[in-house]
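Encoded as structure tokens, the structure appears first; notes follow it.
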Amino acid sequence: MKILVIGHARHGKDTFCEMLNDLGIPFESATNISLEQAIWPMLNKFYDSKESCFEDRVNHRPLWFTLISYYNTPDKSKLCKKILENSDIYCGMRKRDEFESCKHLFSHIVWVGAEDRLPPESKESFELNIDDATVVVDNNGPLEDLCQQAREFVSYYKDISC
């Protein structure tokens, strides 16, 4: 079983995926893999370290979006396949053509949203929407609610994988 987790920046996708990982579904940060494979080779002359590049990503979302797209040319599924080599979860896909190229690889597409308390991400760096998901996770409440939804998802995930 492979899971794609999508949603706007800072809406709790990574937190949800870390919870799934704690509950037994392997997860490795797509941001770290993107940095290693697609971003750092292009930006290493502008930063002292990968860590400083990573920390600065919030200031350059459109650039990261473009560099990942470049990395995925001509194979729109290149980064996705790399992530799924060691993880059952891809967290944070952002581009429509990459999504269309890869969506068949996933058993579940999960939207994590906090739209009631946070603004949406710019279309310059995010092209997907809630209608792309097969499961919606509401992250507008306390962390405990998100954790409960993760437990319910894993319970369902394990039941259908038998």
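Each reported figure results from applying straightforward, stated rules to the coordinates on display, with no laboratory input. None of these values were measured; they are calculated from a predicted model. We place every Cβ from the backbone using ideal geometry, glycine too, and count neighbours over all the protein chains shown.
Distance between the pseudo-spin-label points of residue 96 and residue 156 (7 Å out from Cα toward the beta carbon): 2.7 nm. Computed on the chain, the Cα convex hull volume stands at 112 Å³ per residue. As a calculated quantity, the FRET efficiency between residue 145 and residue 104 at R0 = 25 Å, using C-beta atoms, amounts to about 0.20. Computed from Cα positions, the angle between helix 143-160 and the longest principal axis of the chain comes to roughly 80 degrees.
Across region 36-52, computed HN-Hα scalar couplings (Karplus, 6.51 cos²θ - 1.76 cosθ + 1.60, θ = phi - 60°) run 5, 7, 10, 8, 4, x, 8, 10, 4, 7, 9, 10, 6, 7, 4, 4, 5 Hz from first to last residue, x flagging Gly and Pro. Please tell me the relative contact order of region 74-162 in percent, rounded to the nearest whole number, where contacts are Cα pairs under 8 Å and at least six residues apart. Relative contact order of region 74-162: 25 percent.
Over region 1-143, what relative contact order in percent results from Cα pairs under 8 Å that are six or more residues apart? The value is 39 percent.
Rounded to whole numbers, the Karplus 3J(HN,Hα) couplings from phi for region 13-30 are 4, 5, 4, 4, 5, 5, 5, 4, 4, 4, 9, x, 9, x, 9, 10, 4, 5 Hz, using 6.51 cos²θ - 1.76 cosθ + 1.60 with θ = phi - 60°, and x at Gly and Pro.
Between residue 129 and residue 51, the contour length at 0.36 nm per residue exceeds the Cα-Cα span by 25.1 nm. Listed cross-link partners 45/76; 13/45; 45/123; 2/95 are compared with a 22 Å cut-off, the Cα-Cα value being larger for 45/76; 13/45; 45/123.
Partners of residue 78 within straight-line reach, counting aspartates and glutamates whose Cα lies under 14 Å from its Cα and excluding those fewer than 8 residues away in the same chain: 36, 97, 98, 100. Residues whose amide H falls under 5 Å from that of residue 137, counting only those 5 or more places apart or on a different chain, are 111, 112, 113, with hydrogens built in the peptide plane.
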